[in-house]
Every structure is written in C-alpha cells, then in structure tokens.
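The values are calculated or read from the model by the stated rules, or taken from the named source; none is laboratory data. If you're wondering where the values come from, they're calculated on a predicted model, not measured in any experiment. Here the Cβ positions follow ideal geometry from the backbone for every residue, glycine too, while neighbour counts run over all protein chains shown. Surface accessibility is based on the protein's heavy atoms, side chains included, excluding ligands, DNA and RNA. Shrake-Rupley method; radii C 1.70, N 1.55, O 1.52, S 1.80 Å.
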Amino acid sequence: MKSMKRVLAGLSTVLVVSSALAGCGGNSGNNSSGAAATTAPAASNAAEATKAPEAGSGEKVTINLWSFTDEIPNMTKKYLEIHPEANVEFKTTIVATTDGAYQPALDQALAAGGKDAPDIYATEGAFVLKYTQGDASTFAANYADLGLTDQMVKDAGIAQYSVDIGSSTDGQLKGLGYQATGGAFIYRRSLAKDVFGTDDPAKIKTEVGPGWDKFFSAAEKLKAKGYAAVSGDGDIWHAIENSSDKGWIVDGKLHIDPKREEFLDLSKKLKDNNYYNDTTDWQEAWFADMNGTGEKPVFGFFGPAWLINYTLSEHAKDTKGDWAVTESPTGFFWGGTWLLANKDVVKDEAKKKAVADFIKWVTLDTTETGLQYYWANGTLKDGEQGAKDSVASSVVMDKSKGDLELVGGQNIFDIFVPANANASGKNLTAFDETINKLWRDQVREYTAGNKARDKAIETFKQQVKDQLNIDSE
C-alpha cells in the first residue's frame, strides 16, 4: 500500500499467485519506501478466482489484477459483496517486490499481451512514474477513455500531488491511488512535555519548524535532556527528498537539487552533534527506537499515516498512546499505490466497464460504500476495526474521524488533510528508486568519515553514469 519498497514479509523468494485471496484482509502492512516492509499477510495459494455472485445473464467478465501485496486483491471481496449485480471475477497475480521482482514480471506480462495480460495493475511510489510517464506508460489507458473524468477527480477532492504523479507528461491521467501519503512529524508526548513543557501539536509544530534551522534548534534542546531528535538520517531524508524544487533528472541529465545536496550536511550535523541514534530505517534498531528501547529515547519520526498504522502500531508496543502528530518542518509525501488499467481493455466494452467500475470504486467513490470511506474508517472487514488511514479524497476525510489510540486519541486527519494538500509530486523521476539508494549510500559514507564531501558526490555521479548511463549536468 503504501510502503516505500513494499514486500510481503517473510518472503525470501518471489510469490506469484493467481487466486482468490481468502477473506477480506482490510488494511495490511505496507510502506512505499524502497525499504523492506514490516509485516504483511502472506498470499493465499487458493486455486479459484474471486467470483461475483451469479446475477443477470451473459458471460462473466474476467479481470486480471496484478499487485505486489494482497491489499488490492483483498478489496475485491468487499467490492463484489456490495455490488452483487457485477458480472465479474478477479484473477489475481501477486509478485512480491523482494529483490525487484515485481517490475520485470509486470513488464513481461504487459508486453506479452493477450487474454492473460494485466487488466488492472498496481504501482507504488518508488516506481510509479515508469508506468505513468516513462517507457512503460504506453501500456496504460487514459482514465478519460474509461469514462473517469477530470470533474470526478475534482469532485472527490483528490490531492493534487497524487494527480500529478498519476498523469503522463502530456497531462493525461493514467493512475490514481486510494491513499494519500502526505507527511507529518510523529512525536513522543512524554518527551515533548519534558523538554518543551507541552505536548500540544499546535505548539510543538512551532518548536520543530518551519524549516530545518528550527528543527535542529529543537534537537539541541532534546539532546540536553538526553534524548535523540530522530532515530537515523533516513528519518529526515524523505522530508528532504520530496520537498526539493526539482527531481534527479533535468533535461536528461543528473541534477542534484540544493535541498537534496543539503542532506549531506544535515546528516553530518545529526551525527557530529549526537542528535540521533545512527540507525538505518527498516532495521531492528530503528524499530526498537519506536518502542522506546533503543540507545536513547527518540523524540520523533517523519512519515505519512501509514507509518503510524502499519509500522508504529506493530513496533511501538511499550509507547502506545504516547505519540502525537503535528505539521512537518517542510511539506512532503512518502509512498503510495496507484491503480492503472491496460489500454487494451477499452477494446472490449464489457471489460472496459468492469475495469472502470472497480477503479472508480477504489479511487473516486466518496460515498459511505466506497473503498476510501471503508479505508479511512477502518471498516473494510466486517466486524473488525481496522486501521484508520489517510485517503486520497479530502471529501471522504472530511466526513471521517481518524482518532487513534496510538496517538492518545488524536484525530490524525486534522493534520494529514493539509499535509496531503501541501505535498508536491513534481520532483519525481522514473529513476528515483535506483538513484535514491546510490545517494543515501554515499551520504552515509561521508557522515561516517570514510569519504570527503566532494568525493562522495563524485562517486555518486559516476555510479549514476555507470548504472543508468545518465551524465551529470
């Protein structure tokens, strides 16, 4: 869903599943980060497709659905439950993103075409632009050709950054998501009271921002009390990366935005001043800091609602209820999942309608029986209270309440609705997954004292040239 690189937990090999997913799993763990996800339900090996109840006459439409977790396949159960008139069945294929397996498998299936080609396929924030704006965008249908109009997008109040990412270079919308992943600062209430005398989100936001100078001033105050501002430099990276003015590629060449270059200096500042625990995100020490059992108590983490619902909720057992959410020093987003349709579905009127109806239900339906309302209120699975997650539609968010026990009963939507509006999707490129890893590796080399600043930048540029054949400016 959301995860940053999303993988199915516990998988060391690729799972390919064509099946019905047993049960409607609700919100499963995800993190569109490019790093290993925490936990997600394992895929079922059931042999049948998810089928609609028999209704009406005519041949049943089969929709081939591809995803990298069971999250979207699980949604099909609810869709068919509340749409008994739908004469469709879903044939699902799940390929974990472990070791980069999903994209090659999806690319091969799209290129092969035919009756087994993906009709609907999921892409995540780490590589979505390849499929909406890059080489693979030619496989995707325009939403307009499915009857999903710009007015529908406007009426649903879809966050603009999500629309920008899901649109081709000529402005044609090709993908939308069901989540919104605008970022905030998630902090420990008890530490805030000890250092700043209050845990009020409206007051804490003025302590940690706006801007990084204010944040590092807060870090110094936290240090004086024996606390770390963040767990590792990865905790500020996504806020820096996705608030930059330009992306990694400008006019076909590698461009290092000044805000991204500053990450070298901010990361070193964290280390030299002992403002963090020097952990690496998605590793055990990072999770321990969420639980308050790391080297030093950690004040906060930067992230979207999914970081609360699917990561902190799992790892912050001892600190449950001691968290709160406030505005980030800078606007950003992190991760997300976009749904695309194969352009060939428009050749078959019945399939076109079936595909459009499901995508509309997931991405644009703002009613109380739309996917996003269930998702925002944690009611996708009958009889079970799931996570209350930030969704793409501000209309749905406005009529939902994201009060969570983990954050002391705070309504997180009060923070994430404006966070979603403040995020920008105009600084992404189709090469971000690879380039981000190279950059972060070189930043770590510099902060560890293994390389000079200029040498780290030089090595980074050479690696981009060697791996992607992209020259620097």
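Once the convex hull of all Cα atoms in the chain is built, its volume per residue stands at 133 Å³. Mean residue ellipticity at 222 nm, helices only, the chain: -10500 deg cm²/dmol; runs of at least 4 DSSP H residues each add -39,500 (n - 2.57), and the sum is divided by the number of residues. Set Lys and Arg Cβ to +1 and Asp and Glu Cβ to -1, take the dipole of the range 157-249 about its Cα centre, and tell me which of Gly211, Tyr178, Tyr227 lies farthest positive. After comparing all options, I get Tyr227. Dividing the convex hull volume of the alpha carbon atoms of the range 190-296 by its residue count gives 107 Å³ per residue.
Pairs exceeding a 32 Å alpha-carbon distance, out of Lys77/Lys203; Lys203/Lys437; Lys205/Lys320: Lys77/Lys203; Lys203/Lys437. Simple point charges give the picture: +1 on the Cβ of Lys and Arg, -1 on the Cβ of Asp and Glu, and for the chain a dipole about the Cα centre of about 460 debye. When both the range 201-226 and the range 425-453 are represented by their alpha-carbon centers, they are found 25 Å apart. Here the contact order of the chain, divided by its residue count and restricted to Cα pairs under 8 Å and six or more residues apart, works out to 21 percent.
A cut-off of 5 Å between modelled amide H atoms, ignoring neighbours fewer than 5 places along the same chain, links Ala140 with Lys343.
Length gained on full extension, Asp145 to Lys426, computed as 0.36 nm times the residue gap minus the Cα-Cα distance: 98.7 nm. Note on Lys154 and Ala111: with the Förster distance fixed at 30 Å, the Cβ-Cβ geometry gives a FRET efficiency of about 0.30.
Entry comment: accessible area of the range 319-431 is 37 Å² per residue, from protein heavy atoms only and a probe of 1.4 Å. The alpha carbon radius of gyration of the range 360-468, expressed as a multiple of 2.2 N^0.38 Å, is 1.59. Taking the Cα centre of the range 264-403 as origin and assigning +1 to Lys and Arg Cβ atoms and -1 to Asp and Glu Cβ atoms, the resulting dipole is close to 420 debye. Surface exposure of the range 48-189, expressed per residue as accessible area with a 1.4 Å probe, stands at 35 Å². Extending 7 Å from Cα along the Cβ direction at Glu445 and again at Ser217 yields two label points whose distance is 3.6 nm.
Taking only protein heavy atoms into account and a 1.4 Å probe, give the accessible area per residue of the range 191-253 in Å². I get 40 Å² per residue for this part. For the pair Ser472 and Glu458 in one chain, pulling the backbone fully straight at 0.36 nm per residue adds 4.0 nm over the alpha carbon distance.
Looking at the range 367-426, what % of the alpha carbon pairs are farther apart than 13 Å? The calculated P(r) of the range 367-426 puts 60 percent of pairs beyond 13 Å.
Residue-wise HN-Hα couplings along the range 366-374, as the Karplus relation 6.51 cos²θ - 1.76 cosθ + 1.60 with θ = phi - 60° gives them from phi, are 9, 7, 6, 10, x, 4, 5, 5, 4 Hz; Gly and Pro carry x. Per residue, the convex hull around the alpha carbon atoms of the range 267-320 comes to 79 Å³. Candidates Ala159, Gln103, Gln133 compared by Cα position along the dipole of the range 86-204: farthest toward the positive end lies Ala159, with charges placed on Cβ. Here's the picture: charge each Lys and Arg Cβ at +1 and each Asp and Glu Cβ at -1 in the range 315-384, and of Ser328, Leu364, Thr379 the one pushed furthest to the positive end of that dipole is Leu364. Close amide-amide hydrogen proximity is noted between Ala117 and no other residue 5 or more places distant or on a separate chain, at a cut-off under 5 Å (H modeled in the peptide plane; Pro and chain starts excluded). Here the Debye sum runs over all C-alpha atoms of the range 277-408 as equal scatterers in vacuum, and log10 of I(q)/I(0) at q = 0.09, 0.13 Å⁻¹ comes out as -0.37, -0.69. Largest to smallest in accessible area, the residues Lys271, Lys225, Lys437 fall in the order Lys437, Lys225, Lys271 (1.4 Å probe, all protein chains included). For Asp403, the residues 5 or more places off, or on other chains, whose built amide H falls under 5 Å of its own are Ile412. The fraction of accessible area contributed by carbon and sulfur in the chain is 46 percent, rounded to a whole number (1.4 Å probe; ligands and nucleic acids excluded).
The distance between label points at Lys246 and Glu59 comes to 5.3 nm (points 7 Å beyond Cα on the Cα→Cβ vector).
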